[in-house]
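Below you'll find the structure, written out as structure tokens, and then a few comments.
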């Protein structure tokens, strides 16, 4: 099994090193213009200083129509786009006012036969600091909704190239996403040996104490899910390098694995806070199923809903990392609730904890607090960074905290010199031979 895992990871590394990046970010925007919605944001793309951005656009109806109208695509610099979003006007800027703020406007014809129009290509150079460009479709003349109310939806396809300098290879990754593939590969290869080490120590622990149920099992499950998160994310990013779209299903599975990993590790922290292996060894799940099942189901459902919500508006104009926007606030609220329950478990069982365990429990309280508050803190802290750096900062910081917290828990579980071992029930019944008395 270990040999197969190493072979799979080596194959992934070779594939990543030899992969030829695609030449564009490929996305689309589907909409139907109305009197109240004649300007619609579609996507954004970041570029580094002195980079050339090339954009290829085309459009079509989703069904045949009798007319072939024209629409416009506006390209906005970040500071101009902010003027639109933060307009002091009560009803916002008009479509024509928004169009006037665009650094470039491209006109597209929409063929009546529901076939793609001839592509229109434009390019521009960002000569200043790294910048985010925003793309919106508009029909300020109302030619698609006033005369033809039953007009089918219009799809606009964006094919965007990022080229650092003339002669350099093009990169389809937006500037804020550059470096995410090497980062996730590095994290995958970092967590893998930790996963193997945890299994090895779990086997040793089981042989020594003859216990089938221990915190090691929960740690291994959390690590397995975290590896699943990184593995599916790497596959998605590799495919994204090939087709500019990736495989959304892989990305969704990655998010779900990440959420389940956090649930599992948080549950372990709360079980130990409640006294598991410190004041008691057996989990009386059967007699407390009416408590564990509803609470566990709610926790899992909320995390899965958050994962789904994260993907619904993944390319929104305000979103520079996975949990920007309403998802981030919901996650902060939920994590704060879990942290409050964790502290409640600590305080509720403080009187039951023997004196030998007090020093460990203080350290454990700090470890659990840092882990549970890491995501809310990172979400807040990311706003001190430039928008194009937030995804990298968020991914790196949350995974580093996960790595450190998991590593410390493995050490506490495996070392006979650790504070956890001295505080646990196992230390009270061990003989020189290593077997329980």
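Odds and ends about this structure:
- Prolate/oblate/rounded call for segment 40-112, Cα gyration tensor, a/c under 1.5 rounded: oblate
- Radius, Kirkwood style, for segment 25-163 when every pair of distinct Cα atoms is counted (Å): 15.5
- Fully extended contour minus Cα-Cα distance, from residue 370 to residue 89, at 0.36 nm per residue: 96.9 nm
- Note: relative contact order over segment 25-163, using C-alpha pairs below 8 Å and six or more positions apart, is 52 percent.
- Packing, as the average of other Cβ atoms within 10 Å across residues, places the peptides 330-342, 222-234 in the order 222-234, 330-342, highest first.
- Part-to-part distance (alpha-carbon centres) for segment 107-121 and segment 337-399, which is given in Å: 53
- Per-peptide average of other Cβ atoms within 10 Å, ordering 108-119, 401-412 highest first: 401-412, 108-119
Just so you know, all these numbers are worked out from the coordinates, no wet-lab data involved. Treat the numbers as computed from the prediction; the structure is a model and nothing was measured. Don't worry about glycine lacking a Cβ; one is built from the backbone with ideal geometry, like all the others, and counts go over all protein chains shown.
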